[in-house]
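Data first, discussion second: the structure below is written as structure tokens.
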Amino acid sequence: MAVRQKWVVAQVVALALIALAFFLRVYRLGDQNIWWDEGWTVWMAKHDFAWIALRTASDEHPPLHYWAMNVWQTIFGADVFTGRFFSVAFGVLLVALVYRIGKEMGGARLGLLAALFLSLARFNVWWSQDIKNYTLSAFFAWVSVLFVWRWLFDNSQMADGRWQMTKRDWLFAIGYTLSAFLALFSHYLAALIVLANNVFVGIVLLKKWRRGENVRPLLIRWTLAQIAVVILFAPWLYMYLQNGATWSAAPKFDFGLFLQLAATVLTLGVTTFIENYTLVVLGLLFIAALSLGWVIRPQTADDRPQTATRRPSSVIRHRSSAVVYLVLIALLPPALIYILSLTPAAIFAPKIQARYLMMLTPAIALLLALGILFVSEILRGRVAQIVSAALVLFVVAAQIFTLNDYFRERYLRDEYFSVTQMINNFAFDDDAIVLNTDQEYPTFLYYLKRNFDWVGVPNGAQVSEATAERVAAQVASHDAVWVVTIPDALQKDPTRLIEQTIAERLPKQYEQTFGDKRLALYASEIRNVKDVPRENFSPQILRDDLFDARLKLVGVDLPIYEAFGGDVVRVVTYWQAQDLTTINLALQKLNGEIVARAAIPISIGAHERAQGDLQIPPDANPGELRVVAQARLNSLPLGAIQVLPRDGTNANVNDAAMQPRGERFGEKIRLVGVNTPTKKFRAGESVPLTLFWQTDAAISTSYSVFVHLLGDQYNPAQNNFLWGQIDRLPLDGKLPTTAWTPMQTIADAYQVKFDQDAPPGVYKIEIGLYDANGTRLRVFDVNGNDVGDALIVGQVEIEK
């Protein structure tokens, strides 16, 4: 009865851990903007199987995930939540699978601890909330691990010196073959786990051979299984070799930094500022290393009698074998990934990407659990319980801490929704779209609700007259062209060559800025961009609220529901209006106080569009703000915005290191100091620079900062004298100018990298600020004199 009760308890706990894994992976699942790779996956999956196969044959991933997403999107739709839910499903299944593997390797306690750790693992949660192939590939790779283990240790028997192959063994062989193939067909790097499988089987066979066992039958059958995997994969491999491009060498990556990155990613799932987690990572690695005790100590344990608190020798032997297997999986793939990245050119030469390590996280979870169980095995009584519990708490606390940081960084931003919604609302079916540049085209296409002819301006080089003429020629058959300009175009096409060329044929009919993006319409005829045609009307939220007999709210677009102080909340409403009126859109505190308001006149129409850009005060306290619409003495709630606290991004300003300045940029921004380097540099090195800003009043416009390294020699690659450049929002977007409060000192640090071929000489450090249209702020010296639209703040030298 006691055994039965333990089994029931273990099953209940396992189900609870699977439920925990599911909750953590669906929590805030849709609260992150879709990114390039996700948009690419959604776009790819909209095509048929044959097209996907041909396209992926020249890409870096095989087609299984795209095929699966094609079926998934056909059934459930192509929105971001349902797309990510596919990854969630396999991420949760992976947790359940690790429980089963742990149970097979060393008992229920091992399975439960490993499942707990993997449930909380930030990296596994992260990629379970992404429309990518990592959880799919990891699941099948670890299914292959389970089948290897069962094949070697479950029902294999020796009789009369001959290896006996049962029906279950055949099932394990078939299961391994299919799971290994499916893992490879999901991601090429699954081959590294398949390789680890082969190395482990080789070790086991060698041990059996040294004990005098006949291993030839098992060796033959294992070899046949590998041949079967190759045969299944061969057609695709042939197709890939016929179409795949030769990979160029990956950028060099310091080996020490790689080790530090791999250790931090596998234990904590953190990829940035990894130096801040060194002690915690070392602690977790120490716990995982304790698992090696099972390998060092098994013979001693075999000589001791089995008791209620001591494991039978077979369990200890299994755990020692498990440690060897898991260490192979944890160490061999990262080493090979690094070696592959060093190849000058290859069929598959991956760059060092932290996400490639995701499928190894179950090995770390199991090793951590084995390390803790080893401590409980060698210690006695209450001491063992206390130490083991302390180690479990340490692992869980570290994972919860980093997981909390991960969830805090998940919030929606209005990146492309409002831009594409204008096109969705007002574009005709035969309109064309020009993306200037095409740097983020999969993300843009995700938000489009209809298919349009579109042309992307290449993002890899400066826009020339020839490029502009080619783009204009590609859309010449269309009577209307929408041009979407993103920040990258401000560097690649600063003089707007693309739009100038299009404007030679079509006049500009509309232009509007949406955050850091700009939308313009060039058309042969004037276009109504206020009253949405009925056939295009598809607001984010349908409404049916009467203000009076002649005014009705019929729709709302509110793409975000969380924001920070200083952020601009873009609210779009749609009205059925029978006469002219003015709509007031406002942000309102719970006590009724208005903190931001915009008045928008609307005309007569069935779906009149009224947009209000409402800036949250930069000093707003965290809490809820209501979004309301007001007209004709009536008020109507539209939604709510949760104001989030900003991290202490500027808490430690070292005024002592500041070289005082006094220039003013525009009317409100002052440069109060700089910190420039004094040493000499070499080509390819980065120049550290810190700018210290202040503002006299709240700023309603978000400005980007540029830092240029200007040389005396002409740079033919850039068609100018720039030999190093950074353009970004202050503090890498963590504290935009709209969030600055009066008299607050902003320490804004940069690392500006010199080009690899920058010649020796003296270089000027030039800075400035510009808005989403590329318009620079004028600069005034301490006497109020206009000195241009850029400022030289120092100089550095590249030595010979």
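The values are calculated or read from the model by the stated rules, or taken from the named source; none is laboratory data. What you see is a predicted model, and the numbers here were worked out from it, not measured in a lab. Glycine also receives a Cβ, built like all others from the backbone with ideal geometry; neighbour counts cover every protein chain displayed. Remember, those area values only see protein heavy atoms, side chains included, never the ligands or the DNA or RNA. Shrake-Rupley method; radii C 1.70, N 1.55, O 1.52, S 1.80 Å.
Below are the figures for this structure:
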item	result
Student exercise, the chain dipole from Lys, Arg, Asp, Glu Cβ charges, in Debye to nearest 20	4320
Dipole of the chain, positive direction: furthest Cα of TYR446, GLY269, ALA114, with charges on the beta-carbon	ALA114
Heavy atoms of LYS552: accessible area, 1.4 Å probe, square angstrom to 10	50
With every protein chain in place, the chain: carbon and sulfur % of accessible area (1.4 Å)	58
Prolate/oblate/rounded call for the range 677-753, Cα gyration tensor, a/c under 1.5 rounded	prolate
Of LYS252/LYS800; LYS252/LYS753; LYS517/LYS589; LYS167/LYS207; LYS679/LYS753; LYS6/LYS103, pairs whose Cα-Cα distance is over 19 Å	LYS252/LYS800; LYS517/LYS589; LYS167/LYS207
Centre separation in Å (Cα based) which lies between the range 113-148 and the range 197-214	28
Accessible-area order (highest first, 1.4 angstrom probe) of the listed residues GLU60, GLU469, GLU504	GLU504, GLU469, GLU60
Per DSSP, loop chymotrypsin sites (Phe, Trp or Tyr not before Pro) in the range 186-278 with at most 16 further Cβ within 10 Å	PHE253, PHE273
FRET efficiency, LYS589 to THR272 (Cβ-Cβ, R0 22 Å, nearest 0.05)	0.05
Three-way shape label, the range 90-150, alpha-carbon gyration tensor, a/c 1.5	oblate
Pairwise FRET efficiency - LEU282 versus TYR238, Cβ, R0 = 60 Å, nearest 0.05	0.85
For the chain, accessible area per residue (1.4 Å probe, heavy atoms of protein chains only), Å²	45
Positive-end extreme of charge dipole, the chain - chosen from LEU368, SER700, ILE203 (charges on Cβ)	ILE203
Accessible area (Å², 1.4 Å probe, nearest 10) - GLU409	110
Estimated D of the chain in µm² per second, where Rh is the Kirkwood radius over Cα pairs and Stokes-Einstein applies at 10 °C, 1.306 mPa s	52
ASP786 accessible area, 1.4 Å probe, all protein chains in place, Å² to nearest 10	80
Cut-off 11 Å, label 7 Å out along Cα→Cβ of ILE541, residues of the range 599-638 by amide N	626-629, 637-638
Computed over the chain: relative contact order in percent, which uses C-alpha pairs under 8 Å that are six or more apart	8
Contour minus Cα-Cα distance for PHE23 and ILE386 (0.36 nm per residue)	127.8 nm
Heavy-atom accessible area ranking, 1.4 Å probe, most first, across ARG100, ARG4, ARG670	ARG4, ARG100, ARG670
Charge dipole (the chain, unit charges on Cβ, about Cα centre) - positive-most of SER388, ALA190, ALA758	SER388
Angle between the chain longest axis and helix 108-120 axis [Cα atoms, degrees, rounded to 10]	10
Which of ILE641, ILE386 is most accessible, then next, and so on - probe 1.4 Å	ILE386, ILE641
Within the chain, helix-based [θ] at 222 nm, where runs of 4 or more DSSP H residues each add -39,500 (n - 2.57), nearest 500	-14000 deg cm²/dmol
Segment GLN226-LEU171, extension gain: residue separation times 0.36 nm, minus the distance between their alpha carbons	18.3 nm
Over the range 1-154: Kirkwood hydrodynamic radius from C-alpha pairwise inverse distances, Å	16.8
Sparse-neighbour loop sites [trypsin sites (Lys or Arg not before Pro); the range 193-299; at most 14 other C-beta within 10 Å; DSSP]	ARG211, LYS252
Proximal charge balance of GLU38 [Cβ under 11 Å; K/R count +1, D/E count -1]	0
Potential lengthening between ALA473 and LEU15 on full extension [0.36 nm per residue; Cα-Cα distance subtracted]	158.8 nm
Reach of LYS132 by Cα under 21 Å, taken over lysines that are not fewer than 8 positions away in the same chain	LYS46, LYS351
Paired Rg and Dmax values of the range 481-585, which use every Cα atom, in angstrom	17.4, 52
Lysines with Cα under 23 Å of LYS552, excluding same-chain neighbours fewer than 8 positions away	LYS530
Overall Cα dimensions of the range 709-800, principal axis frame, Å, largest first	45, 32, 26
Alpha-carbon centroids, the range 454-518 and the range 362-403: separation in whole Å	58
